[in-house]
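Peer 1: Here's a structure for you.
The values are calculated or read from the model by the stated rules, or taken from the named source; none is laboratory data. Model, not experiment: these values are computed from the prediction. Neighbour counts run over all protein chains shown; Cβ positions are idealised from the backbone, glycine included. Ligands, DNA and RNA are stripped out before the accessible areas are found, and what is left, the full protein with its side chains, is counted by its heavy atoms. Shrake-Rupley method; radii C 1.70, N 1.55, O 1.52, S 1.80 Å.
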Amino acid sequence: MEKKKLTTAGGRPYTEFENSMTIGNRGPILLQDYFLHEDMAHFNRERIPERVVHAKGSGAFGIFTITHDITKYTKAKIFSEIGKQTQLFVRFSQVGGEKGSADSERDPRGFALKFYTEDGNWDLVGNNTPVFFVKDPKKFSHFIHTQKRDPKTNCKNPTAIWDFWSLNPESLHQVMILMSDRGTPFSHRHMNGFGSHTFSLINQNNERVWVKFHLKTMQGIKNFTNEEANEMKSIDLDHSQRDLVEAIEKKDFPKWMMQIQVMTDEQAKKFKWNPFDLTKIWPHKEFPLIEVGIMELNKIPENYFRDVEQAAFAPANVVNGIGYSPDKMLQGRLLSYPDAHRYRLGVNYEQIPVNKCPYMVANYQRDGFMQTGDNGGASANYRPNSFDDLVIDENYKEPSMQLESNIADWFYRNENDDDHYTQPGDLYRKAMNDQDRKNLASNIISSMSSIVGEKKNEIINRQLCHFFRVDIQLGMALAKGLEVTIDEKAMAHAQ
C-alpha cells in the first residue's frame, strides 16, 4: 500500500516539516517559508467562535424507526409507514455553560435532532424540559446575559439571575424544574427530550393539527442530587460526554421513544391557557401521549470538531407535513438560529457534511464564504430563466393559516395569560414526591443565599412572593431556610 505524502493544504508535497528556512543555522527566518506561515495561520484559526448558548455539547449519529402509524395527522414522509427508518444526528448540550464547563452543572440541556429525510433535513431543536423561562423572544438575550458572566467581575452572578427571575414570574415553571434534581441529569442518556414549542402537523387532506414532540429515554430517568453533581465536577468535568461515548462503543446503544401530543384548532380555542405559550405544558390527561417511533444512537463521530462542533440546527428546517405555529419564541428562533450559524460557520454552513442534506438540493444561492460545492456550475443563478429545468411541485404547498386578528401592535406578552402559578403548583404537589420537594427547597435556598448587594432583601422577598403563590408550604420552607420572617396567618389568609 502506497504511503501518503506530507503536503501543504494545496496538495504540494513538502519535506521540511520540522525545520524553518533560515539565513544560516541561527536565523533569522525567511518570509518565503510558506508552510510555516500556512501551519501557524491555520493553528491561529482552529477555534471558531464559541456558541453564545449551548456551547458545550456531545453528539452521535443514529437511526429513527417508525413503530406506530400517525399518517392521519401528517403527510411527512418520515412517518409514512411502520418500519420506515431515517438516519439522524443528535447533539446534547448545556444551555448557559461555556465550552469548558462541567457536564454536571445545574443547567437546562439542549436536545437537538437532525433527521436526514428525502424531503430535506428536519431539525427538531429542543431541550430536556417541556417549557422555557420566557415566552417572548425579545426577552431571550436578556435572560441569557443573566446566566453568563457579570460584565464587571467576569464571574457568574446569582444576584442577576434571581433579580431577573423575580421580575419575570413567567419563568417560575422552568425555574422549579431547573432547581429540582432534573436540573442536574446524570447523563445525556438518562434524560428526556422535548421539542418544547408547539408545532403543526398537516395531513394528505391539508388538515392541520397542533403538536408537541416528546422523546422519552428508554434507559430510565436518572439525576444527580446537588451534592452528587458538585462531587462529579471534581471527578470528571466531561462525565456525560464520556458516558455517551463509552456506552455506544460498548454497543449499549441508547434509545428514546418519540411520542406526540395532538390538539385541534377547536381544542386550542377552548384550552385554559395559551397553547402557544412556551412557559406552559399541555396536561397529559387532556392530551395523551401518542407513540410514534424509536430513536437509537449507534455511532460516535470519528472527528468531534467536524461533526459536533460544526453541527448547525435550526427550527426553521421543517419538512412537508410538519409546520410552525404562532408560538412567539418559535417565531423568534426561526430567524435567530440560521443567523447564528451564518456568523459562526459562514453563509454556506449547510454544505458542511453533518449539516448537508444527503438528497438533491437545488436553488439559486451562489458564492459566499466557504462555498465547497459546485456553486451551481454553469447553470443560471436567477429565476425565472429560459435555461434550467427546476420546477415547483405544488404538492408541497402548505395550506393557509387562519389568524385570529388583523391588528398589528406590540401586545403585552402576559395579557390574558398571566397565570404563572397553577402549573408550577401542580408540578410541586403532583409530579414531585417528598424527597423531590425537599431537594428542590434545598437547592433554591442554596442558590438564593448567594444573592448579595443593596437589593438583596428586595429580590429575595419578591421571589418568595412568587413561591408562596405556587404553594404556601414551599414558600414557608424557603422563607425558613433563607431566615426571612413571615407572618404565617397573614400568608395563609392571602393564599
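Peer 1: What single numbered condition from (1) surrounded by 16 or more Cβ atoms within 10 Å (Cβ to Cβ); (2) at pLDDT below 95 fails to hold for Asp418?
Peer 2: Here Asp418 meets the rest and fails (1).
Peer 1: Between Thr146, Thr65, Thr86, which is hydroxyl-bearing (Ser, Thr, Tyr), open to solvent by 10 Å² or more (accessible area, probe 1.4 Å) and part of a strand (DSSP E or B)?
Peer 2: None of the others qualify; the one that does is Thr65.
Peer 1: Moving on. Only residues in segment 9-25 that are loosely packed, with under 10 Cβ neighbours inside 10 Å count as the first member; pair them with residues that are in a loop (DSSP other than H, G, I, E, B) and not aromatic (Phe, Trp, Tyr), Cβ under 8 angstrom, at least 6 apart or cross-chain, and list the lot.
Peer 2: Close Cβ pairs (under 8 Å, with a partner that is in a loop (DSSP other than H, G, I, E, B) and not aromatic (Phe, Trp, Tyr)) amount to Pro13/Lys5; Pro13/Leu6; Thr15/Leu6; Phe17/Leu6; Ile23/Leu30.
Peer 1: Say whether the condition of being more than 22 Å from the chain's Cα centre (by Cα), open to solvent by 30 Å² or more (accessible area, probe 1.4 Å) and within 30 Å of Phe186 (Cβ to Cβ) is met by at least one residue in segment 271-281.
Peer 2: no
Peer 1: Cβ-Cβ under 9 Å, sequence separation 6+ or interchain: first residue in segment 430-453 and touching a residue at least 24 places away in the same chain (Cβ under 8 Å) and closer than 19 Å to Gln147 by Cβ, partner open to solvent by less than 20 Å² (accessible area, probe 1.4 Å) and among the aromatic types (Phe, Trp, Tyr). Which pairs?
Peer 2: Ile444/Phe467; Ser447/Trp162; Met448/Trp162; Ser450/Trp162; Ile451/Trp162
Peer 1: Output the number of residues of segment 332-372 satisfying the condition of being open to solvent by less than 40 Å² (accessible area, probe 1.4 Å) and of a type in the set (Gly, Ala, Ser).
Peer 2: Adding up the residues that qualify gives 2.
Peer 1: Within segment 224-267, track down each residue that is more than 25 Å from the chain's Cα centre (by Cα) and open to solvent by less than 80 Å² (accessible area, probe 1.4 Å).
Peer 2: Thr264, Asp265, Gln267
Peer 1: Spot the failing condition for Val52; the list is (1) touching a residue at least 60 places away in the same chain (Cβ under 8 Å); (2) in contact with a helix residue (DSSP H, G or I) (Cβ under 8 Å, 6 or more places away or on another chain); (3) open to solvent by less than 100 Å² (accessible area, probe 1.4 Å); (4) not hydroxyl-bearing (Ser, Thr, Tyr), and only one is missed.
Peer 2: Going through the list (1) touching a residue at least 60 places away in the same chain (Cβ under 8 Å); (2) in contact with a helix residue (DSSP H, G or I) (Cβ under 8 Å, 6 or more places away or on another chain); (3) open to solvent by less than 100 Å² (accessible area, probe 1.4 Å); (4) not hydroxyl-bearing (Ser, Thr, Tyr), Val52 breaks only (3).
Peer 1: Any chance segment 170-189 includes a residue that's open to solvent by 50 Å² or more (accessible area, probe 1.4 Å), part of a loop (DSSP other than H, G, I, E, B), at pLDDT 95 or above and of a type outside the set (Gly, Ala, Ser)?
Peer 2: For segment 170-189, residues open to solvent by 50 Å² or more (accessible area, probe 1.4 Å), part of a loop (DSSP other than H, G, I, E, B), at pLDDT 95 or above and of a type outside the set (Gly, Ala, Ser): absent.
Peer 1: For Gly97, which of the numbered conditions (1) touching a helix residue (DSSP H, G or I) at 6+ places or on another chain (Cβ under 7 Å); (2) among the small types (Gly, Ala, Ser); (3) surrounded by 14 or more Cβ atoms within 10 Å (Cβ to Cβ) fails to hold?
Peer 2: (1)
Peer 1: Give me the pairs, please: first residue somewhere in segment 290-306 and touching a residue at least 60 places away in the same chain (Cβ under 8 Å), second residue anywhere and among the aromatic types (Phe, Trp, Tyr) and in a strand (DSSP E or B), beta-carbon distance under 6 Å, and either six or more positions apart or on two chains.
Peer 2: Every condition considered, the pairs that remain are Gly293/Phe64; Met295/Phe64; Met295/Trp256; Lys299/Phe61.
Peer 1: Checking the structure you have, find out if any residue of segment 318-331 is touching a helix residue (DSSP H, G or I) at 6+ places or on another chain (Cβ under 8 Å), open to solvent by 20 Å² or more (accessible area, probe 1.4 Å), of a type in the set (S, T, N, Q) and under 29 Å from Glu46 (Cβ atoms).
Peer 2: no
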